[in-house]
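The values are calculated or read from the model by the stated rules, or taken from the named source; none is laboratory data. Because the structure is predicted, anything quoted here is derived from the model rather than measured. Because the Cβ atoms are built from the backbone with ideal geometry, glycine has one as well, and the counts that use them run over all protein chains shown. For the accessible areas, the whole protein counts, side chains as well, though only heavy atoms, and no ligand, DNA or RNA atoms are used. Shrake-Rupley method; radii C 1.70, N 1.55, O 1.52, S 1.80 Å.
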Amino acid sequence: MAKILICSISDVAPGEMRKFETEVGDLLLFNREGEFYVTDDQCTHATASLAEGDYFDDTVSCPKHWGEFNIITGEATAAPCRKPLRTYFVMVEDDQIYVDSEREAAGALKA
């Protein structure tokens, strides 16, 4: 397991997303009302940071061509995006959020 510290729970308020630079690249953390999800920040369609897009419900949109991804599954849900977004397995320990960079997400983790 490659456990990587992302941030403290209090660093991202419910309903917000935030980009973090890590040893495996830029990751995007979503706080979906106390459920945490982490994906790659880079759109799989075009060179664009998803942190500059919009986050609503279970979706993040790309600011370049407005393609969309499901933050839970990584599935591309709106054109022109087709390739899924990588999602990460999230762990919360002592109010700190970590990801396992070697393991895909299996669902949300509640704090």
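Ignoring ligands, DNA and RNA, what percent of the accessible area of the chain is carbon or sulfur (1.4 Å)? That fraction is 43 percent. Per residue, segment 1-74 exposes 48 Å² of accessible surface when a 1.4 Å probe is rolled over the protein heavy atoms with every protein chain present.
Can you tell me, using C-alpha contacts under 8 Å and at least 6 residues apart, the relative contact order of the chain as a whole percent?
Rounded, it is 27 percent for the chain.
With the convex hull of its Cα atoms as the shape, the chain has an orientation-averaged projected area of 6.0 nm². Under 13 Å from a label point 7 Å along Cα→Cβ of residue 24: give me every residue in segment 83-103 with its amide N that close. Correct set: 86-91, 98-103.
When ranked by the protection proxy of mean other Cβ atoms within 10 Å per residue, highest first, what sequence do the peptides 14-22, 43-51 form?
Numbers: 14-22: 14.1, 43-51: 17.6.
Per-residue Cβ counts within 10 Å, averaged per peptide and sorted highest first, yield 43-51, 14-22.
So for segment 3-104, taking the charge dipole from beta-carbon charges (+1 Lys/Arg, -1 Asp/Glu), which of 28, 8, 81 sits furthest toward the positive end? Highest projection toward the positive end goes to 81.
Straightening the chain between residue 57 and residue 7 buys 15.8 nm, computed as 0.36 nm per residue apart minus the Cα-Cα spacing.
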